[in-house]
1. Here are some residues: E355, E381. Which one is among the acidic types (D, E), part of a strand (DSSP E or B) and surrounded by fewer than 17 Cβ atoms within 10 Å (Cβ to Cβ)?
2. So, of the residues in the range 537-556 that are among the β-branched types (V, I, T) and in a strand (DSSP E or B), which turns out to be surrounded by the fewest Cβ atoms within 10 Å (Cβ to Cβ)?
3. Would you call L289 within 30 Å of L396 (Cα to Cα) and surrounded by fewer than 16 Cβ atoms within 10 Å (Cβ to Cβ)?
4. Quick test for you: out of D531, D514, D583, D559, pick the one residue that is surrounded by 17 or more Cβ atoms within 10 Å (Cβ to Cβ), over 28 Å from N147 (Cα atoms) and of a type in the set (D, E).
5. Can you find a residue in the range 389-405 that is within 21 Å of H327 (Cα to Cα), open to solvent by 60 Å² or more (accessible area, probe 1.4 Å) and part of a strand (DSSP E or B)?
6. Given the structure, is V171 under 28 Å from S206 (Cβ atoms) and out of contact with any helix residue (DSSP H, G or I) (no Cβ under 6 Å at 6 or more places or on another chain)?
7. Give N155, N159, N102, N125 a once-over and let me know the one that is part of a loop (DSSP other than H, G, I, E, B), open to solvent by less than 10 Å² (accessible area, probe 1.4 Å) and out of contact with any helix residue (DSSP H, G or I) (no Cβ under 8 Å at 6 or more places or on another chain).
8. Restricted to the range 539-561, and to residues that are over 22 Å from F76 (Cα atoms) and touching a strand residue (DSSP E or B) at 6+ places or on another chain (Cβ under 7 Å), which residue is modelled with the lowest pLDDT?
Amino acid sequence: MISARLTPIAVVVSMLATLPAHAADSGDSVALTLGEVVVSGSADGPLQARRVLSSVDILPEARIANQVVANNWQLFGQLPGVMLTQFGQGTTSGKFSMRGFNGEGEINAVKLLIDGVPSNSNDGNMPYIDLAPRLDIESIEVVRGTNDPRYGLHNIAGNANIITKSGGNYVQGRATLGSFQTRELQAAAGIEQGALAQNYALAVNSTDGYRAHSGAENGAFSGKWFITPEGGNSRFGLILRHSTARADEAGYLTDAQRRADPDQSPAHNRTDEDRRMATQVALQAETALGSQLFWTGQVYLNNLDDRRFVTFSANVSQQERVVAETHSGASTTLTWRAGKTVLGDLSVMGGLDVERQDNRSTRYNTVSQVRQSQTRDQAFEFDTAGAFVQAVLKPLPGLSLTPAFRADRVDGTYTNRLNGKTYDINDYGTINQPKMSAVYALSDAYSVYGNWGRSFQVGVGTASYKVNQTADLSPSINEGWEAGLKFRPLAWLEGRLAAWRQTASNEARRKLNDPANDAENIGQTRRQGVDLQLNAQPTRQLGLWVGAALQRSKILQADAVSAGTVGKEIDHVPHLLYNLGADYQASEAWRLSAWINGQSSYYLERTNSTGKFGGYALANVAAAYRLSPRINLEVQVRNLFDRYSEYAWWDGTQSLHAPGAPRSVYGTVAVKF
């Protein structure tokens with residue numbers, strides 16, 4: 001039976017943990033929690049990603065709430081093998097990616113969810129990511145690879161679920177002041193009485209920015225209301241989230257400009273800015289249909305309204321880019337825990353999901369935000385439907401086998417409102433995706449695992465539709481595998497070492513500045529790498545963590561137009577990503593932390609002929625003092641040694657640069673009741 005106090009419904013909908021983040025199983029699970037040496041646990045109810053899938057990383061609340069960041073995507077930099085792309089342009093400030101996919105926005109390979117609610121825009125970007133106020137986040141769970149059957153669209157290299165708090169009685173607040181006139185206020189409250197659990201969170205932030213013309217302000221609200229009827233076998237609830245943001249865009253600098261003054265904003269960017277509103281509403285439910293059968297379901301609505309004025313370089317026009325999207329969807333799962341059978345211990349989970357997208361994209365050439373001409377007016381429906389089944393079989397002690405299968409279909413139409421023409425979507429057919437995972441516990445301290453699976457990519461924007469061709473296109477199939485070892489040789493030390501590879505057929509990338517909103521073919525590609533993760537707690541006072549990823553990308557085949565890219569690396573994919581850090585509890589009152597994030601440089605385009613940029617190593621330190629049981633004082637220094645960092649790209653004639661933040665200092669007062 002489901003326990004008297006159920007897990008957050010959104011977590012269950014996504015097959016996530018009914019346990020706290022630290023309670024992953026150390027036997028047949030190979031999930032790792034950053035900065036913690038986990039203990040074993042058990043679970044019932046729907047199958048959990050961190051116990052079923054074999055490449056799962058968990059960022060716990062302890063590593064989230066005290067971070068001073070402007071946007072939630074920056075939190076993911078603490079996770080091993082995750083790359084941050086820092087554009088530094090208004091609300092388009094950056095994003096995260098993984099498994100050798102870059103964050104340019106051409107191929108968005110990560111499915112984002114908030115409490116199990118799909119949260120990508122049509123092109124796969126993540127404008128909804130700041131809907132969850134940071135103080136409301138309980139954990140972040142990242143699944144890497146191609147073997148997760150729960151999701152279809154955008155789940156090319158894996159997925160990430162931001163899990164927020166549910167239930168409890170608490171009041172929390174954080175007030176931060178810091179460099180560049182940064183001001184932030186966060187508040188969160190939980191009220192649980194009888195059958196009703198309420199959770200509220202609010203965050204407001206403003207800054208002048210570290211470059212000229214880079215001021216920003218944003219706010220977010222989240223509310224969750226859940227009812228658990230008497231008996232505790234069911235749970236029903238409503239989630240409502242809304243965020244607004246307004247930000248100036250400092251623009252990109254030429255190589256000469258960034259060397260002369262990296263804090264400047266060119267004159268042609270003086271009226272560039274972005275205004276964004278995002279809303280998410282979800283109704284969710286779960287219930288036990290018996291001692292072995294569990295059902296979950298949800299319906300949701302996402303709405304995005306974004307208006308951006310941007311000038312990429314001095315020799316091009318300012319553009320006004322307007323995006324209006326409404327996505328509605330539903331999903332349901334059914335889990336049967338059969339228990340002991342002739343084949344072994346068996347659990348089976350199946351699910352269905354649908355999403356309907358109503359998207360509008362318009363663009364204008366402008367001068368100082370005054371429209372001169374219209375270059376795009378597109379309306380397109382993009383609908384998906386998928387189904388999956390997944391079994392967990394334990395035929396022998398220590399051995400877990402997880403076969404799975406998923407199938408997806410897409411449908412929709414596109415209307416070019418500039419010429420009145422309407423186009424059908426490509427008939428991609430039924431996109432079949434078999435998957436398989438296995439874990440074998442050699443002992444309590446060592447487990448070996450492997451997985452294999454297929455995921456898919458279809459066009460986004462107008463690239464999904466038969467605009468320039470009569471024949472239907474095929475989806476790009478990503479086939480990947482991973483093999484690894486999870487080890488715990490000492491009670492205070494655990495880690496994971498893994499090798500992986502992912503190959504894509506007829507990979508396509510979105511043309512970011514194309515008025516037609518089309519895509520171009522890259523060809524057949526291969527991404528591969530080795531990941532290493534370590535968590536250590538050598539003393540009660542000291543905790544250590546290390547994460548490193550070596551990765552390579554290669555274009556195996558290309559079309560005739562891009563023949564010169566064969567054998568070259570994919571742009572913006574560094575060979576090395578790493579993070580390491582330490583926490584030290586100096587006394588009951590004092591806690592000290594230090595950590596380093598870094599990456600190697602990358603090529604700017606696919607011919608690999610324009611140089612490498614973007615490498616960095618940034619050190620950060622923090623100190624927290626417990627003034628009283630309810631009040632903490634915190635100081636955080638980002639980029640301690642004031643090292644230069646940047647994001648760079650190639651505009652066809654030259655490299656353009658967005659310098660990263662210099663040394664910055666922040667002070668925070670945190671209260672908890």
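The values are calculated or read from the model by the stated rules, or taken from the named source; none is laboratory data. Since we're looking at a predicted model, the values are computed, not measured. Ideal geometry is used to build each Cβ from the backbone, glycine not excepted, and the neighbour counts take in all protein chains shown. These accessible areas exclude ligands, DNA and RNA; they are computed on the full protein's heavy atoms, side chains included. Shrake-Rupley method; radii C 1.70, N 1.55, O 1.52, S 1.80 Å.
1. Values: E355 fails: surrounded by fewer than 17 Cβ atoms within 10 Å (Cβ to Cβ).
One residue alone meets the criteria, E381.
2. Within the range 537-556, the first condition is being among the β-branched types (V, I, T), and the residues that meet it are 539, 546, 555.
Add one more test, that the residue is in a strand (DSSP E or B), and what stays is 546, 555.
On the way: V546: 17, I555: 21.
So the residue we want is V546.
3. Numbers: within 30 Å of L396 (Cα to Cα): yes; surrounded by fewer than 16 Cβ atoms within 10 Å (Cβ to Cβ): yes.
Yes, satisfied.
4. Working: D531 fails: over 28 Å from N147 (Cα atoms); D514 fails: surrounded by 17 or more Cβ atoms within 10 Å (Cβ to Cβ); D559 fails: surrounded by 17 or more Cβ atoms within 10 Å (Cβ to Cβ).
Unique residue meeting the criteria: D583.
5. Taking the range 389-405 first, the residues within 21 Å of H327 (Cα to Cα) are none.
No, there is no match, as no residue in the range 389-405 is within 21 Å of H327 (Cα to Cα), open to solvent by 60 Å² or more (accessible area, probe 1.4 Å) and part of a strand (DSSP E or B).
6. Numbers: under 28 Å from S206 (Cβ atoms): yes; out of contact with any helix residue (DSSP H, G or I) (no Cβ under 6 Å at 6 or more places or on another chain): yes.
Yes.
7. On the way: N159 fails: part of a loop (DSSP other than H, G, I, E, B); N102 fails: open to solvent by less than 10 Å² (accessible area, probe 1.4 Å); N125 fails: open to solvent by less than 10 Å² (accessible area, probe 1.4 Å).
Matching residue, one of N155, N159, N102, N125: N155.
8. Quick first cut of the range 539-561, residues over 22 Å from F76 (Cα atoms) only: 539-542, 554-561.
Still in the list and also touching a strand residue (DSSP E or B) at 6+ places or on another chain (Cβ under 7 Å): 541-542, 554-559.
Values: Q541: 96, L542: 96, K554: 96, I555: 96, L556: 96, Q557: 93, A558: 89, D559: 81.
The residue in question is D559.
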